Amino acid sequence: MGPNQGFGGTLWMIFLFTIFASGSGENDRNFKMCGTWRHGNRKLNLAHDLKRGCSTITISANESSLSIHGQITAQCQNSSVIELGPSPEARERPFCVYWEPLLDHVWVEVNGKNHTLCWSSGLQGNCCTNLSHGSNKGTATYGILNATQQDDIISYQIQPAYGFFGNMINCKNEFCNEASQESGDKVNMIEETVMRSKVLGNVVLPCALSTVVEMEEGFQGYIPLPAPRGVPPQMIPSVHLPSCLKPPEKKKVKVVCTYFKNSTLFQWSSKEDPVIRILEDVVGITVENEIITNLTEPIRIGFHHSVIPTSHSRKCVSWDTKKDPAEVTWKKEGCETIQKGAEDTECRCNHLTYFAILVQLEPRPVRHLEALTVITSIGCAASTLSCVVIMIFLNKQRREMNPSTAVHRGLAMALFLLSSLFFLTGIVANVGGNKACWVFGAALHYALLSSFSWMSIEGLHAFLLVYVVFRPSPSPYVWNLVGFGLPAVPVIVLLAIGKVYGLKEVVSSDDVNKPYLIERSRTETSGGRTRWRSSVSGVSAAYLGPHGAWNSWTLDSSLSSSSSFSASSTPYRVSS
């Protein structure tokens, strides 16, 4: 084989590959045939005769008429003649014939003007598509010049007619296959096609289920979504549309709510966060010929899913259409997440696009958690040990009549109780049940109030030693009643009220840079009541740091000052 033959064979293979690779996908399903109609100096018309079936369609032209006849439609049957007016001096008119089998829609564009031959009658199941060009009909003086199919040239010569034959396929399955091939820029064509189908109510596709409604003045409420086969109705997402969704200048608008049970079209693959994924259900909302943002009242989408552990964070996200449409990018801005339980989440968003639930499959690690745990354990152990040493030291003092000893002993006992309970709270929370958490919550609250009470008593006692010298100090029984008895009053009241102590749901902060903030977020229950879920992290650092420093300073200063004052200012209280 010579070099020229090898080069020519390579070019021929490239040419064949280009021919067979072009026009794939949607171009194979939808039909487009264009050309230039060369006619005579007569009155022109457009004649058509379309019947149901799937055989052939013939597009022909002569001196005065452009004709389209055949059997390719699923529901439409139409036969008529449309007058096009007198012949222009140029004797040529460009035209295109369009056929969308999924919508059963046929129209012809002649000299820039559209003529609909078959209007859309909904999405068709089986349809005639993949129209292929047959044999040519020879040349003529009048006919079709420079004919193309799917923008590929068929013939440059004047042909009197062109025939095309099709095959019957399942159009809905083919349509969903096209949408799933390129998830990003192709998925929105589902809602666009449903919008153009001119159908109100439910539209069922293998890859999505849609509900089409017309919003009129004052319309608001829940939109029922169709349920896929085998899915319980209570697991279908709920969509509530506010009245502000309709532009005020329009009397009514068409809204399409699309439900995707399989989220593979939208799945977000991130190498940086492989444990984050989108749940199965995705809901898309579109308003006809409108881009809706910054709604005064949010749309509400309720998702019902399998149980999500409290350690796994979940967020309502929306598809960011401002970025590259070929990529699926989810953003959290513009949506508020309302967790109604382990199996229910409501998204409140101020714009329209596709919405889903983004779940972190593994608990997010808290920064410096191990170091903080060690510091907390060492601090609690040191505080408890110090309180024990102080109590032993005070018990060995022989100044039984000195009231300062009783005050110091009471503060040490309160701090010992607080440190011990705080140290054991984490263990009980992991191994104990609701009753154990209830008991420890009330005890911890009592120990905290008792510590504050005894710190106040220390300050008051120091004041009495300095400024009120010759008056006897209150009895130790009074101090014990105030330090240990008074804090029990609010705890008993809260126990009587109920639902204050016990097992609570704790959610870590979503801000990675500030994971130790104490937050409170409102959560609505299904019964209409409102409860508050505390989101607490870094409690040990927030409480033990300033509280421990204050306790140490108060105790040290009280011990030193009270000892000197009781020895110098109150001689009748000094014991041997």
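Go over the candidates 212, 194, 204 one by one and state the one that is open to solvent by less than 10 Å² (accessible area, probe 1.4 Å), out of contact with any Cys (no Cβ under 9 Å at 6 or more places or on another chain), among the aliphatic types (A, V, I, L, M) and under 24 Å from residue 319 (Cα atoms).
Result of the check over 212, 194, 204: 194.
Tally the residues that are within 50 Å of the chain's Cα centre (by Cα) and open to solvent by 70 Å² or more (accessible area, probe 1.4 Å), restricting the search to region 57-78.
4
Take region 254-288 and flag every residue that is at pLDDT 85 or above and either among the polar types (S, T, N, Q) or touching a Ser or Thr at 6+ places or on another chain (Cβ under 8 Å) (or both).
255, 256, 257, 258, 259, 281, 282, 283, 284, 285, 286
Starting from residues that are among the aliphatic types (A, V, I, L, M), buried (at least 16 other Cβ atoms within 10 Å of the Cβ) and closer than 14 Å to residue 279 by Cβ, keep the ones in region 291-326 and report whichever is modelled with the lowest pLDDT.
For region 291-326, the residue satisfying everything is 308.
Considering 472, 476, which residue is closer than 30 Å to residue 396 by Cα and open to solvent by less than 60 Å² (accessible area, probe 1.4 Å)?
None of the other options fit; the residue is 476.
Conditions first: (1) at pLDDT 80 or above; (2) more than 25 Å from residue 290 (Cβ to Cβ); (3) in a strand (DSSP E or B); (4) not polar (S, T, N, Q). Residue 240 passes all but one, so which condition is the exception?
Answer for residue 240: the failing condition is (2).
Under the condition of being open to solvent by 30 Å² or more (accessible area, probe 1.4 Å) and free of Cβ contacts under 8 Å to residues at least 40 places away in the same chain, which residue from region 452-469 is nearest to residue 412 (Cα to Cα)?
So the residue we want is 452.
Within region 385-424, count every residue that is within 22 Å of residue 436 (Cα to Cα) and either within 45 Å of the chain's Cα centre (by Cα) or surrounded by fewer than 18 Cβ atoms within 10 Å (Cβ to Cβ) (or both).
7
All but one of (1) within 28 Å of the chain's Cα centre (by Cα); (2) surrounded by fewer than 17 Cβ atoms within 10 Å (Cβ to Cβ); (3) closer than 17 Å to residue 30 by Cβ hold for residue 172; which doesn't?
Residue 172 satisfies every listed condition except (2).
Given (1) at pLDDT 90 or above; (2) at positive phi, where does residue 498 come up short, assuming only one miss?
(1) is the only condition that residue 498 fails.
Among the residues of region 340-351 satisfying the criterion of being open to solvent by less than 30 Å² (accessible area, probe 1.4 Å) and of a type outside the set (Asp, Glu), which is farthest from residue 309 (Cα to Cα)?
Per the criteria, the residue is 351.
Tally the residues that are among the β-branched types (Val, Ile, Thr) and either more than 29 Å from residue 54 (Cβ to Cβ) or touching a residue at least 60 places away in the same chain (Cβ under 8 Å) (or both), restricting the search to region 75-106.
So the count comes out to 1.
Take the residues in region 120-142 that are open to solvent by 20 Å² or more (accessible area, probe 1.4 Å) and of a type in the set (Gly, Ala, Ser); name whichever of them is modelled with the lowest pLDDT.
Here the residue is 135.
Determine whether region 8-30 contains at least one residue that is under 25 Å from residue 130 (Cα atoms), of a type in the set (D, E, K, R) and at pLDDT 90 or above.
Within region 8-30, none of the residues are under 25 Å from residue 130 (Cα atoms), of a type in the set (D, E, K, R) and at pLDDT 90 or above.
Only one of 145, 117, 102 is on the phi < 0 side of the Ramachandran plot and open to solvent by 20 Å² or more (accessible area, probe 1.4 Å); which?
Among 145, 117, 102, only 145 is on the phi < 0 side of the Ramachandran plot and open to solvent by 20 Å² or more (accessible area, probe 1.4 Å).
Out of all the residues in region 244-267, which are among the hydroxyl-bearing types (Ser, Thr, Tyr), open to solvent by less than 40 Å² (accessible area, probe 1.4 Å) and not in a strand (DSSP E or B)?
Matches in region 244-267: 263 only.
The values are calculated or read from the model by the stated rules, or taken from the named source; none is laboratory data. Predicted model only: the values in this text are computed from it and were never measured. Positions of Cβ are backbone-derived with ideal geometry, glycine not excepted, and every protein chain shown enters the neighbour counts. Ligands, DNA and RNA are stripped out before the accessible areas are found, and what is left, the full protein with its side chains, is counted by its heavy atoms. Shrake-Rupley method; radii C 1.70, N 1.55, O 1.52, S 1.80 Å.
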